[in-house]
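The values are calculated or read from the model by the stated rules, or taken from the named source; none is laboratory data. None of these values were measured; they are calculated from a predicted model. Virtual Cβ from ideal backbone geometry, glycine too; neighbours counted across all protein chains shown. Each accessible area value is taken on the protein alone, full model and side chains, heavy atoms only, with ligands, DNA and RNA left out. Shrake-Rupley method; radii C 1.70, N 1.55, O 1.52, S 1.80 Å.
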Amino acid sequence: MTPIHISFCCTNTAPEPWLSGLRTALPQADVAVWQPGAPLAEYAVVWAPPQAFFDEQIALKGIFNIGAGVDALLNLRLPAQAVVVRLEDAGMAVQMAEYVCQAVIRHFREFDAYASDIRAGQWTFRKPRQREDFPVGVLGLGVLGARVAQALQVFEFPVLGWSRSPKALDGVQTFFGQARLDDFLAQTRVLVNLLPLTPATTSILNRDTLGRLKPGGYLINVARGAHLVDADLLALLDSGHLAGATLDVFRTEPLPPEHPFWQHPAITITPHTSARTLRDESIAQIAGKIAALRRGDTLAGLVNVARGY
Ligand SMILES: NC(=O)c1ccc[n+]([C@@H]2O[C@H](COP(=O)([O-])OP(=O)(O)OC[C@H]3O[C@@H](n4cnc5c(N)ncnc54)[C@H](OP(=O)(O)O)[C@@H]3O)[C@@H](O)[C@H]2O)c1
């Protein structure tokens, strides 16, 4: 069996379990943590690698990102012949579905207000709200957005979705392309962002777009911090047009201590944890794709570098 040379270059990731998992899944693989001057590898498993990695690793055939979002990776100069492969689901979609459903339900059922009443020793009821008044619009109907749209239907919310190209999803009112964005927003009250970060989507959550949501709108941003213009969200909360937001991602992470999102009463924040990379699922997917590439099979999850996702 011809050996496979894999270079591992992932920041903030303990390498040992990944190396042993990859060696078990691909017994003919020689897997090593990258260091400057390391021998050339055919495949790379990366997360936030330095430019120096690609400047040296000029023989790569495949670059495997251990996440779904490739925005940071595509800012680097990559070897032209290498394909870039992102994780598809690998256990993230169900996590994203549970995160978004809990945020929608927490807001719709006013559970934060109940929690604060209970802390104050008050046994109070709120008038039930109609779920037809809370249509949920999902920006991005890819691997994660489609799963979220499907999960929301279990709770009988009206669900809308917006993507770049046309999509048909059972029970979801779909819109596509820039020309239909305003129609989609006008019919949405709870907006969930699951777009990739590209030049076309940077700052897409701004005063104009968020201002088009139905009155009492609510934002759930689980994609990337740079999708959101922070000051515009704060202004729309202050004006009362938006009722609140749940944010998992931020322009600067960790969120700086002085940032107003920390203390804002209508904003719930979490530390970029809505859908974590699961090691075993990811290793199995990457090993399967390396084997498929070596056989010359067509691969799902290939990133279109020109398109940016
Ligand atoms: N917070 C977290 O923990 C976490 C975890 C994982 C991922 N993420 C984020 O979630 C994002 C989505 O992941 P995914 O796996 O679902 O991505 P994906 O499969 O690539 O889906 C992207 C979706 O966005 C749509 N889209 C892209 N550009 C668009 C544009 N300009 N206008 C309209 N629609 C556009 C695509 O439309 P088409 O279908 O027409 O191509 C597709 O439906 C990732 O890029 C990452 O940033 C966050």
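First compute the accessible area of the chain with a 1.4 Å probe, then give the percent of it belonging to carbon and sulfur atoms. Carbon with sulfur: 55 percent of the solvent-accessible area.
Here the 3J(HN,Hα) profile of the stretch 222-237, calculated from phi with Karplus coefficients 6.51, -1.76 and 1.60 at θ = phi - 60°, is 10, 9, 9, x, 6, 6, 9, 8, 4, 5, 5, 4, 4, 5, 6, 6 Hz, Gly and Pro shown as x.
Local charge sum around Glu98 (other residues, Cβ-Cβ under 13 Å, Lys/Arg +1, Asp/Glu -1)? Result for the neighbourhood of Glu98: +2. A 1.4 Å probe run over the protein chains yields, for the stretch 231-280, 55 Å² of accessible area per residue, whole-number rounding.
Across the chain, Cα-Cα pairs more than 23 Å apart make up 60 percent of the total. Derived scalar couplings between HN and Hα for the stretch 28-34 equal 8, 8, 9, 10, 9, 5, 5 Hz in order, rounded to whole Hz, by the Karplus curve 6.51 cos²θ - 1.76 cosθ + 1.60 (θ = phi - 60°), x for Gly and Pro.
Taking the C-alpha atoms only, the angle from helix 15-25 to the longest principal axis of the chain is near 70 degrees. Solvent-accessible area per residue in the stretch 1-155 equals 49 Å², computed with a 1.4 angstrom probe and all protein chains kept. The figure for Arg307 is an accessible area of roughly 90 square angstrom, using a 1.4 Å probe on the protein chains alone. Label sites at Asp30 and Arg294, each approximated as a point 7 angstrom past Cα along Cα to Cβ, lie 1.3 nm apart. When the helices of the chain are scored as -39500 (n - 2.57) per DSSP H run of n ≥ 4 and the total is divided over every residue, the value at 222 nm lands at -9000 deg cm²/dmol.
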